[in-house]
1. Cut-off is 10 Å between beta-carbons; in what order do A:113, A:7 appear when sorted fewest neighbours first?
2. Between region B:45-61 and region A:1-69, how far is it from one alpha carbon centroid to the other, in angstrom?
3. When B:23, B:179, A:74 are ordered from fewest to most other Cβ atoms inside 10 Å of their Cβ, what list results?
4. Under the 0.36 nm per residue contour assumption, what length would be gained going from the current alpha-carbon distance of residue B:33 and residue B:75 to full extension?
5. What's the long-distance tail for the protein assembly as shown, i.e. % of Cα pairs beyond 25 Å?
6. Does anyone have the angle between helix B:172-189 and the longest principal axis of chain B? Alpha-carbon axes, 0 to 90°, nearest 10?
7. Between residue B:100 and residue B:181, 0.36 nm times their residue separation minus their Cα-Cα distance comes to what?
8. Under the Kirkwood approximation for Rh and a Cα-based Rg, what ratio Rg/Rh is obtained for region B:99-186?
């Protein structure tokens, strides 16, 4: 029961910190000290682990990973960022990755969602239909 | 018969013993002696009685006994013959019944054997049919499995070959065009 509450608390804290940005990071240390005061080492470790996991997920929600076989033009990247930024309060962090296995085309990941429009993906779909 | 014979002899003897009897009846001239004749008659009667009592009667009794035994033997023989005939008749009847029973058992055994043969044939036929069906199903499954494997292998080869060909043959311009089209597609999905 206490572990579940700690997990929820860690998730809420991670969301607040990411939403607050740099100021949130500055306020994180005193907040964590206050929360972890009087706890055992094992509890602290478990809480920090849950917080790290939640914070990573929160960061991933705001991170747009763009994979391509060759370097994309700035125009294409800007177009994608503009499309994915619509309706969002915070700006997206863009990460570009090169992946020759895609052959051509683009694969985009935002949080847990993956959009794959690569030639390799289309070939895999074709193979699945043949099977 | 013997008793009447003895009475007659006694009466004759009494009559003959009287003096001058033969003279009275006109037979005195033949020299007959009445006393002698009487004595002979008495002797005859005594001898006849003794013979009757000690010889003829036992012989007759023995003959009667033997005759009875022969009659009994014949009767026994007749009864034995009748019994034998009855026994033979019964034996023949028993044999006939046994023969009939044996025929019935034989017929029944033949019927059962035929029935068993038919049943075994039917069961064997069913089993063969089931085995054939199972074999066909197994062959069909095997064929489907092989087809699936072939399809998968072909798909893998197609993807691998196509990927290699595309990687080698696609130029930068074409790749850029594809990147742009993919970005537009993703934007539409989003």
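FYI, it's all coordinate maths here, none of it is from the lab. What you see is a predicted model; the values in this text were computed from it and never measured. Cβ atoms come from the backbone with ideal geometry, glycine included; neighbour counts cover every protein chain shown.
1. A:113, A:7
2. Taking the Cα centre of each part, region B:45-61 and region A:1-69 sit 165 Å apart.
3. A:74, B:23, B:179
4. Result for the pair: 9.3 nm of gain on full extension.
5. Details: 41037 of 51360 pairs.
Here the tail beyond 25 Å accounts for 80 percent of pairs.
6. Orientation of helix B:172-189: about 70 degrees from the principal axis.
7. Between residue B:100 and residue B:181, full extension yields an extra 18.9 nm.
8. Here Rg/Rh amounts to 1.73.
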